[in-house]
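The values are calculated or read from the model by the stated rules, or taken from the named source; none is laboratory data. Keep in mind that what you see is a predicted model, and the values were worked out from it rather than measured. For neighbour counting, all protein chains shown are included, and Cβ atoms are generated from backbone atoms with ideal geometry for every residue, glycine included.
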Amino acid sequence: MTQKNLDSLVQQAANCTLCKPYLPHPPRPIFSLGHSKLVLIGQAPGLMAHNTHQAFNDNSGKRLRGWLNMSEEEFYNPSVISIMPMGFCFPGYKNGADAPPRPECAPTWHKTLLEEIQPSTILLVGRYAQQYYLPQFKTLTDALNNANFEEGIIPLPHPSGRNNRWLAKNAWFESQYLPKVVRHLNALKH
């Protein structure tokens, strides 16, 4: 677990073109990795993230940082939190929404990067990350209801406005679940 090893892996991932034939734009892997205790695994960058080369720099990101009680400065500091999506590049659109993450990225990069970072907690943001890492749970609600904070894998819904209906139907998420998440994350800082 050395900075040199991580820097080398980050450089390799930043130059990845594995999905080039399937992408609507040239590959532009977007992630932020450091030797942090916390890794956030999201879905895939949207077009705004692709254009600015920064993950979660939209309304979803504002909501997510609010949920996590993190400032932008903390959120974008890879020594505090590493951000690694299921698909590193913007996958384009499908049926009027962002397409699913490309399936090549996670199997190619995640295991090696996680072994190097060695986080104590992983936040799984959205169903694509949850289906990959917690396939035993068929729904978001099941994944959250069975979250095992002691194991360090914490699922969260995607903070997109597309989940407003789920959030409205499941008020316990903000009143009961999120305070547990914030306590857990605060404990990592000490």
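Test each condition in (1) among the β-branched types (Val, Ile, Thr); (2) in contact with a strand residue (DSSP E or B) (Cβ under 8 Å, 6 or more places away or on another chain); (3) surrounded by fewer than 16 Cβ atoms within 10 Å (Cβ to Cβ) for residue 112 and report the one that comes out false.
Among (1) among the β-branched types (Val, Ile, Thr); (2) in contact with a strand residue (DSSP E or B) (Cβ under 8 Å, 6 or more places away or on another chain); (3) surrounded by fewer than 16 Cβ atoms within 10 Å (Cβ to Cβ), residue 112 violates only (2).
Considering region 99-113 alone, what residues qualify as being under 24 Å from residue 167 (Cα atoms) and in contact with a helix residue (DSSP H, G or I) (Cβ under 8 Å, 6 or more places away or on another chain)?
Narrowing region 99-113 to residues under 24 Å from residue 167 (Cα atoms): 99-101.
Of everything in region 99-113, those that are under 24 Å from residue 167 (Cα atoms) and in contact with a helix residue (DSSP H, G or I) (Cβ under 8 Å, 6 or more places away or on another chain) turn out to be 100, 101.
Given the condition surrounded by 19 or more Cβ atoms within 10 Å (Cβ to Cβ), touching a strand residue (DSSP E or B) at 6+ places or on another chain (Cβ under 8 Å) and modelled with pLDDT of 95 or more, answer yes or no: does some residue in region 12-29 qualify?
The answer is no, given that none of the residues of region 12-29 is surrounded by 19 or more Cβ atoms within 10 Å (Cβ to Cβ), touching a strand residue (DSSP E or B) at 6+ places or on another chain (Cβ under 8 Å) and modelled with pLDDT of 95 or more.
Which members of region 97-115 meet the condition of being within 13 Å of residue 132 (Cα to Cα) and of a type in the set (A, V, I, L, M)?
106
Scan region 131-190 residue by residue and report those that are among the hydroxyl-bearing types (Ser, Thr, Tyr) and assigned to a helix (DSSP H, G or I).
132, 133, 141, 175, 177
Name the residue that is surrounded by the fewest Cβ atoms within 10 Å (Cβ to Cβ), counting only residues in region 154-169 that are free of Cβ contacts under 8 Å to residues at least 24 places away in the same chain and aliphatic (A, V, I, L, M).
By that ranking, first place goes to 168.
With respect to residue 177, is the statement that it is aromatic (Phe, Trp, Tyr), surrounded by 21 or more Cβ atoms within 10 Å (Cβ to Cβ), under 20 Å from residue 64 (Cβ atoms) and out of contact with any Ser or Thr (no Cβ under 9 Å at 6 or more places or on another chain) true?
no
Kindly establish whether residue 28 is touching a residue at least 60 places away in the same chain (Cβ under 8 Å), of a type in the set (D, E, K, R), touching a His at 6+ places or on another chain (Cβ under 8 Å) and farther than 23 Å from residue 154 by Cβ.
The answer is yes for residue 28.
Looking at region 146-153, can you tell me whether even one residue there is of a type in the set (Gly, Ala, Ser), out of contact with any strand residue (DSSP E or B) (no Cβ under 7 Å at 6 or more places or on another chain) and surrounded by fewer than 19 Cβ atoms within 10 Å (Cβ to Cβ)?
The answer is no, given that none of the residues of region 146-153 is of a type in the set (Gly, Ala, Ser), out of contact with any strand residue (DSSP E or B) (no Cβ under 7 Å at 6 or more places or on another chain) and surrounded by fewer than 19 Cβ atoms within 10 Å (Cβ to Cβ).
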